[in-house]
1. With every protein chain left in place and a probe of 1.4 Å, what is the accessible surface of ILE150, to the nearest 10 Å²?
2. What ranking, highest mean first, results for peptides 130-136, 115-121, 257-263, 68-74 when packing means the other Cβ atoms within 10 Å averaged over each residue?
3. Using 1/(1 + (r/R0)^6) with R0 = 51 angstrom and r between the beta carbons of VAL191 and ASP257, what's the FRET efficiency to the nearest 0.05?
4. At 1.4 Å probe size, with no ligands or nucleic acids counted, give the accessible surface of LEU127 in Å², nearest ten.
5. Which percent of Cα-Cα pairs in segment 184-323 sits in each 10 Å bin, short to long?
6. Does segment 77-154 come out rounded, prolate or oblate, given a ≥ b ≥ c as the square roots of the eigenvalues of its C-alpha gyration tensor, rounded meaning a/c under 1.5 and, failing that, prolate meaning a/b above b/c?
7. Of all GluC sites (Glu not before Pro) in segment 224-306, which ones are in loop regions per DSSP and have a Cβ with at most 13 other Cβ atoms within 10 Å?
8. Stretch ALA214-MET281 to full length: gain in nm at 0.36 nm per residue minus the Cα-Cα span?
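The values are calculated or read from the model by the stated rules, or taken from the named source; none is laboratory data. Since the structure is predicted, the reported quantities are computational estimates derived from the model, not experimental observations. All Cβ positions, even for glycine, are placed from backbone atoms using ideal geometry, and neighbour counts span all protein chains on display. The area values use the complete protein model at the heavy-atom level, side chains included, leaving out ligands, DNA and RNA. Shrake-Rupley method; radii C 1.70, N 1.55, O 1.52, S 1.80 Å.
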Amino acid sequence: MSHNESAHSHDDSHDGHDHGGHSHDHGGHSHGGGSTSSRKLAAVSLINVVGFVVELAGGLAFGSVALISDAIHMLFDALAYVMAFAAAHVAEHYGEGDRWSYGLHRLEPFAAFLNGLLLLPMVGFILWESYQRFLEPVAIGAVPTIAIAIGGLLVNIGSVYVLHGDAMSLNEKGAFYHLLGDAGGSVAVIVSVVAIEVTGISVIDPLTAALIAAVVAWSAIAVLRGSSEIFFLKTPLESDDIRAHLCEIEGVTRVDDFHAWQICSQITVATVHVETDVELMADAEAVVRRVHDELAHHGVDHATVELCPRYADRDVHLDTHCH
């Protein structure tokens, strides 16, 4: 296969296109994004807002800082779902065209990062209130507090039921496991109030609130880390493993350059420079197809494959093409 042939290979069998030796495969994924079950996220947001109002009113009325902490946690969860819903809606309906290479899907990690930042002052508020209650314990209305906490637990269980399904999106999976943690917070409030009633040790309430604050802080750090990894283009794949699999493909003699990153949690992009010893155009197209299939198998949604013959001056060629 001559250099000119490799520089103009075209893979008509793919959803993507191929120009100048670069085959672009969207893998059936539109830059505008498909449905992300926005209605489910909206429903969960509404449920959690109602739960927040009830728990906050109950915590203020009956003196439980643990219940107030759980209410604030529920509020920020609701905000997270609202932001996820808004980001998904905007990404689905706006940003099409050549001006935005991948639509507006970057809104998802941006919204997640903002949510993580908003969680941090909430942790500070909970810890401060816990400290104040530790210094000056307040009598807690046990029965109504337990009743409201049970209501919060039912809200979380209802939200889990709404999200649960055989094929949840990544956003829905994140919300699903987060809600399970929230249910644990409601259980902690119930247990702490019962323990106070049995032992008479009122300090259990602020200690439970501090425990919930620690869980919230862990959630905030996880959200900030995950969104930052997307923004700073951390490779979401095992590069060495993928290189090894690509080198096993018939017709591939060497993989010199491989990069992978995420636009958002649902769009993984990769570029790869592959050398081949095939000479016929049909064989070159077959190699490109096999490379695309292997990358798709590893979760790549959009791949750009540069297929070139082996070069005597390969070091000079790679200096101008690879990073």
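1. Roughly 70 Å² of ILE150 is accessible to a 1.4 Å probe.
2. So the order, starting with the most tightly packed, is 68-74, 257-263, 115-121, 130-136.
3. Efficiency for this residue pair is about 0.40.
4. Ignoring ligands and nucleic acids, LEU127 comes out at about 90 Å².
5. Values per bin, smallest distances first: 10, 27, 20, 12, 10, 10, 7, 3, 0.
6. oblate
7. Within segment 224-306, the qualifying GluC sites (Glu not before Pro) (loop, at most 13 other Cβ atoms within 10 Å) are GLU238, GLU248, GLU250, GLU279.
8. Here the segment from ALA214 to MET281 would lengthen by 18.1 nm.
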